[in-house]
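> First the structure, which I've put down as structure tokens, then a few questions once you've had a look.
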Amino acid sequence: MPDAFARLAHDAASAAGFADFEPDACLVNRCLSGARLPLHQGKNERDYEAPIVSASLGMRALKMCPST
């Protein structure tokens, strides 16, 4: 994972109260203008207590969370 992404994830997680978080994976999605990423749930994380840090680069992102 690029150092800049690792630092971004670590700093964001630390600000959210996860000071000891060290990212171990990075997923990059490239989306065309107007594209949508449907709600989904990952089920292959090693540690379900660790935070997931998401960033949108270049375009605004609208995050929607289901009310469960």
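The values are calculated or read from the model by the stated rules, or taken from the named source; none is laboratory data. What you see is a predicted model, and the numbers here were worked out from it, not measured in a lab. FYI the Cβ positions are ideal-geometry reconstructions off the backbone, even for glycines, and counts take in every protein chain you see.
> Do we find that Ser14 is modelled with pLDDT of 90 or more and surrounded by 10 or more Cβ atoms within 10 Å (Cβ to Cβ) in this structure? Steps first, answer last, please.
Numbers: modelled with pLDDT of 90 or more: yes; surrounded by 10 or more Cβ atoms within 10 Å (Cβ to Cβ): yes.
Against the criterion (modelled with pLDDT of 90 or more and surrounded by 10 or more Cβ atoms within 10 Å (Cβ to Cβ)), Ser14 qualifies.
> Looking at Gly34, Gly42, can you tell me which residue is at pLDDT below 75 and not β-branched (Val, Ile, Thr)?
Testing whether each residue is at pLDDT below 75 and not β-branched (Val, Ile, Thr) leaves just Gly42.
> Can you tell me which of (1) surrounded by 10 or more Cβ atoms within 10 Å (Cβ to Cβ); (2) modelled with pLDDT of 85 or more; (3) of a type in the set (Asp, Glu) is the one Asp20 doesn't meet?
Failed condition: (1).
> Does Val28 fit the bill of being hydrophobic (A, V, I, L, M, F, W, C) and surrounded by 12 or more Cβ atoms within 10 Å (Cβ to Cβ)?
no
> Test Asp20 against the criterion of being without any contact (Cβ under 8 Å) to a residue 24 or more places away in the chain, in contact with a helix residue (DSSP H, G or I) (Cβ under 9 Å, 6 or more places away or on another chain) and more than 17 Å from Met1 (Cα to Cα), and give yes or no.
Numbers: without any contact (Cβ under 8 Å) to a residue 24 or more places away in the chain: yes; in contact with a helix residue (DSSP H, G or I) (Cβ under 9 Å, 6 or more places away or on another chain): yes; more than 17 Å from Met1 (Cα to Cα): yes.
For Asp20, the condition - without any contact (Cβ under 8 Å) to a residue 24 or more places away in the chain, in contact with a helix residue (DSSP H, G or I) (Cβ under 9 Å, 6 or more places away or on another chain) and more than 17 Å from Met1 (Cα to Cα) - is met.
> I'd like the full set of residues that are closer than 20 Å to Gly58 by Cβ and aliphatic (A, V, I, L, M), limited to the range 1-44.
Passing the criteria: Met1, Ala4, Ala6, Leu8, Ala9, Ala12, Leu27, Val28, Leu32, Ala35, Leu37.
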